[in-house]
Amino acid sequence: MASCPCLNSSMVLSKPKQPAASFSSLDFLNSQHLSSSSSSLSFTASPISGVRCRSRKINRRYSVQVMASIDKPRKPLKIMISGAPASGKGTQCELITSKYNLVHVAAGDLLRAEIAAGSENGKQAKEYMEKGQLVPDEIVVMMVKNRLSQADAAEKGWLLDGYPRSSSQATALQAFGFKPDLFILLEVPQEILVDRVVGRRLDPVTSRIYHLTYSPPETEEIAARLTQRFDDTEEKVKLRLQTHNQNVESVLSLFEDITVKVDGSLSKEDVFAKIDSALSNLMEQKNTTLGAAAT
Ligand code: AP5
């Protein structure tokens with residue numbers, strides 16, 4: 001960690017946990033998020049592109065990405081992201097958490113962790129997942145509620161991925177007091193989805209999501225260790241799509257007033273630019289509201 005005088009004294013530069021995404025960090029820096037009211041600012045910097053740092057100690061070119069902890073509103077963001085199988089939820093969550101430092105809670109990942117642990121819930125869940133069906137609420141609701149209740153999610157804010165998938169799941173979460181600020185829906189034509197699922201690969205070491213064609217691994221070493229999900233076959237994705245189509249409208253109708261629909265068929269960078277803009281606006285609104293309440 002090193003402080004950089006080209007920023008203000010309370011900002012800190014640090015190396016990124018993962019490679020910098022290709023979005024314009026400067027837009028964010030120039031925005032009102034970097035208000036004087038921000039008290040504990042911190043930055044992730046990488047030697048890729050962006051800001052020239054004039055520090056004697058740091059005589060390198062840095063791309064400064066603003067993390068939520070930098071300019072975290074006193075009320076953290078609470079976001080839901082939804083979309084068909086392989087619409088890009090996980091991919092966008094990687095980019096969103098990298099910039100906004102939200103706690104990523106993915107219902108599918110929680111279920112796969114239960115399967116890997118060999119728990120009774122995991123065994124039951126796998127039967128439904130194999131058939132592309134929704135895992136019963138008795139298992140999913142408490143799993144998600146317990147994760148969102150942890151201190152890090154309350155402090156940093158959360159990004160809920162793949163939940164709720166039915167009106168009963170939405171209602172249950174609301175009853176526990178978890179209310180989102182924004183509901184992001186990724187829209188992708190079905191013919192693209194099958195291709196994305198079949199080519200998807202996961203890195204068990206970094207948890208990064210790859211695609212053999214659209215987002216290939218950077219090195220031979222990574223390529224050699226990639227794995228495929230048990231439900232990533234053409235046959236199973238068609239069942240998952242059916243389940244999604246049966247439920248999506250009932251969920252959407254509950255979040256209509258806070259829904260942002262994003263064209264998920266664009267490049268992942270372009271999709272992120274749209275989400276980023278929506279989140280920046282939301283943060284601005286939240287900060288303005290808080291500022292007005294404080295005066
Ligand atoms: P889950 O794990 O959530 O799967 P899903 O909803 O089917 O979504 P995916 O994870 O398959 O896709 P994604 O949208 O994250 O896409 P990704 O970014 O990886 O759920 C699995 C199962 O668990 C369910 O079927 C159900 O049984 C159960 N379950 C989960 N939640 C539940 C709940 N709430 N209630 C009950 N049951 C539940 O991208 C896919 C591929 O496309 C990747 O290879 C990626 O590199 C590529 N890609 C991404 N974006 C782009 C782009 N813009 N351009 C080109 N390629 C792209």
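The values are calculated or read from the model by the stated rules, or taken from the named source; none is laboratory data. Everything numeric in this text was worked out from a predicted model, so none of it was measured. Counting neighbours? That spans all protein chains shown, and the Cβs are built from the backbone with ideal geometry, glycine included. The area values use the complete protein model at the heavy-atom level, side chains included, leaving out ligands, DNA and RNA. Shrake-Rupley method; radii C 1.70, N 1.55, O 1.52, S 1.80 Å.
Okay, here's what the table says:
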quantity	calculated
Hz values of 3J(HN,Hα) by residue in region 197-203 - Karplus curve (6.51, -1.76, 1.60), Gly and Pro given as x	5, 5, x, 6, 9, 10, 9
Region 233-295, accessible area per residue, ligands and nucleic acids excluded (1.4 Å, Å²)	57
HN-Hα J in Hz across region 148-156 - Karplus 6.51, -1.76, 1.60, θ = phi - 60°, x for Gly and Pro	5, 7, 6, 4, 4, 5, 5, 7, 8
Cut-off 12 Å between beta-carbons: net charge of the residues surrounding SER119, Lys and Arg +1, Asp and Glu -1	+1
Mean accessible surface per residue for region 100-175, computed with a 1.4 Å probe while every protein chain stays in place, in Å²	45
Relative contact order computed over region 89-149 (Cα-Cα under 8 Å; 6+ residues apart), in percent	26
Table column - 3J(HN,Hα) (Hz), region 235-246, Karplus curve with 6.51, -1.76, 1.60, x for Gly and Pro	4, 6, 5, 5, 5, 5, 5, 4, 4, 4, 5, 5
Compactness index (Cα Rg / 2.2 N^0.38 Å), region 252-295	1.49
Rg over Rh [alpha-carbon atoms, Kirkwood Rh] for region 111-157	1.06
Apportionment of accessible area to carbon and sulfur, region 85-175, percent (1.4 Å)	49
Nonlocal amide H pairs with HIS211, under 5 Å, H built at 1.01 Å	ARG201
Per-q log10 I(q)/I(0), region 209-279, q = 0.17, 0.24, 0.25 Å⁻¹ (Debye; single scatterer per alpha-carbon; no solvent)	-0.98, -1.11, -1.11
VAL188 long-range amide H proximity, modeled H, under 5 Å	ALA84, GLY264
Chain lengthening between LYS179 and GLU234 when straightened (0.36 nm per residue, less Cα-Cα)	16.3 nm
List ASP231, ASP181, ordered by accessible area with a 1.4 Å probe, largest first	ASP181, ASP231
Listed residue pairs exceeding 26 Å between alpha carbons, taken from LYS75/LYS123; LYS179/LYS286; LYS123/LYS145	LYS75/LYS123
Under the Debye formula (equal points on every Cα, no solvent term), log10 I(q)/I(0) of region 116-257 at q = 0.10, 0.18 Å⁻¹	-0.43, -1.32
Surface share of carbon and sulfur [accessible, 1.4 angstrom probe, percent] for region 183-238	53
